[in-house]
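Everything on this sheet refers to the single structure shown next.
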Amino acid sequence: MTDSVIRIATRSSSLAVWQAEYIQSLILQSSPDVRVEIVHVSTTGDQNQTDALRQFGGTGVFTREVQTSVLQRDTDIAVHSLKDLPTESAEGLMLGAVPERAPRLDALLLPEGRPIATLAELPQGARVGTGSPRRQAQLLHVRPDLQMLEIRGNVQTRLRKLDEGEFDAIILAEAGLRRLALPHRISLLLSPPLMFPAIGQGAIGVECRSDDAMVQEILAAITDSSVLSCVTAERSLLRALRAGCHAPLGATTDLDGESLELNAVLLSPDGRQRLTARGSSQIDDASELGAAVARQLLKSGGESLVSGYSG
């Protein structure tokens with residue numbers, strides 16, 4: 001494969017570029033004869049920095065244009081935060097790699113990184129910035145007094161808005177903060193059962209064309225099979241619920257040898273209704289495990305909770 005060139009399509013945000021450069025480094029380590037180039041692509045989610053995501057496109061607003069670049073053969077692979085990637089692959093594409101996963105938790109951030117011990121330390125009626133219905137609903141379940149406010153922009157923009165006083169607190173993914181060398185900004189990590197992470201949170205998904213055997217072989221070498229089993233169960237749960245990636249749904253997976261456990265939570269947008277379900281299986285049955293846990297949620301009343309999030 002000497003002189004082969006792989007072109008990576010990525011968004012231009014600092015976190016997206018970090019992820020693309022990380023994938024670049026993994027490919028170069030496993031396939032040193034390959035050259036890797038990074039191509040920046042602007043997405044709908046990047047272009048609209050004001051409206052709530054679910055109001056102008058829902059699922060795929062951070063992935064469509066990047067995927068199109070690969071399909072049109074301007075690039076060869078697309079790198080995504082897996083939690084942004086729709087569970088159904090675009091025609092002509094496949095999920096080619098899921099490397100080692102970063103920490104999956106959500107983090108609460110206060111101005112200047114002031115630490116707190118529990119969520120109860122937030123003042124009554126505190127203004128919390130997050131555009132995620134999942135995060136909003138889980139916080140409202142335990143603190144219905146909180147004011148949930150939309151926030152958009154890259155990590156640095158959100159931190160600036162926090163420090164300038166637009167919010168009393170914001171929520172970001174622990175993975176992104178650690179990848180950008182910002183763990184000192186974390187005031188409190190939000191763990192289950194208080195806060196279940198998003199489907200695929202902390203994982204990177206790499207797509208390629210389904211007819212590109214050479215690239216598929218290269219990507220197989222950077223895949224972590226344990227992480228792939230875990231996210232397969234999580235994404236199967238989301239797909240079986242027929243809910244978009246902005247639904248108030250959270251999940252955790254835990255792998256013990258060949259045994260995989262999946263725990264899920266589904267809420268109403270206001271946090272008043274909260275359904276839980278769990279299941280376990282062998283790792284080879286990860287996809288069926290996700291579907292089985294989804295059936296539990298639907299049977300216990302989840303159909304009405306996901307009906308508005310299918311887009």
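Long hydrophobic helices in the chain, taken as whole DSSP H segments with a C-alpha length of 15 Å or more on their own axis and mean Kyte-Doolittle hydropathy at least -1.0: 14-30, 225-241, 286-297. Nonpolar atom fraction for the chain, defined as the carbon and sulfur part of the 1.4 Å probe accessible area, stands at 48 percent.
Relative contact order for the chain: what is it in percent, counting Cα pairs under 8 Å that are at least 6 residues apart? Don't skip to the end; give the middle numbers.
Numbers: 657 pairs, mean separation 64.7, N = 311.
Reported relative contact order: 21 percent.
Beta bridges from DSSP with both residues in the chain: antiparallel share about 70 percent, rounded to the nearest 5. For the chain, the 222 nm mean residue ellipticity estimated from helices alone, with every DSSP H stretch of n ≥ 4 adding -39500 (n - 2.57) and the total spread over all residues, rounds to -9000 deg cm²/dmol. Descending by average beta-carbon neighbour count within 10 Å, the peptides 236-244, 206-214 line up as 236-244, 206-214, the highest first.
In what sequence, highest mean first, do 137-144, 223-230 appear when ranked by Cβ atoms within 10 angstrom? Present the calculation step by step, with values, prior to reporting the outcome.
On the way: 137-144: 19.9, 223-230: 18.0.
So the order, starting with the most tightly packed, is 137-144, 223-230.
Look at the dipole of the stretch 90-241 built from charges on Cβ: of Pro144, Leu180, Ala220, the Cα furthest out on the positive end belongs to Pro144. About its Cα centre, the chain has a charge dipole of approximately 1000 debye under the convention of +1 per Lys or Arg Cβ and -1 per Asp or Glu Cβ, with nothing else charged. Probing with 1.4 Å while keeping every protein chain in the model, the per residue accessible area of the chain equals 42 Å².
Working from Cα pairs under 8 Å separated by at least six residues, relative contact order for the stretch 132-211 is 31 percent.
Pairwise Cα separations in the stretch 122-200 fall into 5 Å bins from 0 onward with the following percentages, short to long: 3, 14, 26, 28, 21, 7, 1. In whole percents, the pair-distance distribution calculated for the chain from its alpha-carbon pairs, binned every 20 Å from zero, is 33, 59, 8, 0.
The values are calculated or read from the model by the stated rules, or taken from the named source; none is laboratory data. These numbers come from a predicted model, not from an experiment. Please note: Cβ atoms are built from the backbone with ideal geometry, for glycine as well, and neighbour counts cover all protein chains shown. Heads up: the accessible areas ignore ligands, DNA and RNA and are worked out on the full protein's heavy atoms, side chains in. Shrake-Rupley method; radii C 1.70, N 1.55, O 1.52, S 1.80 Å.
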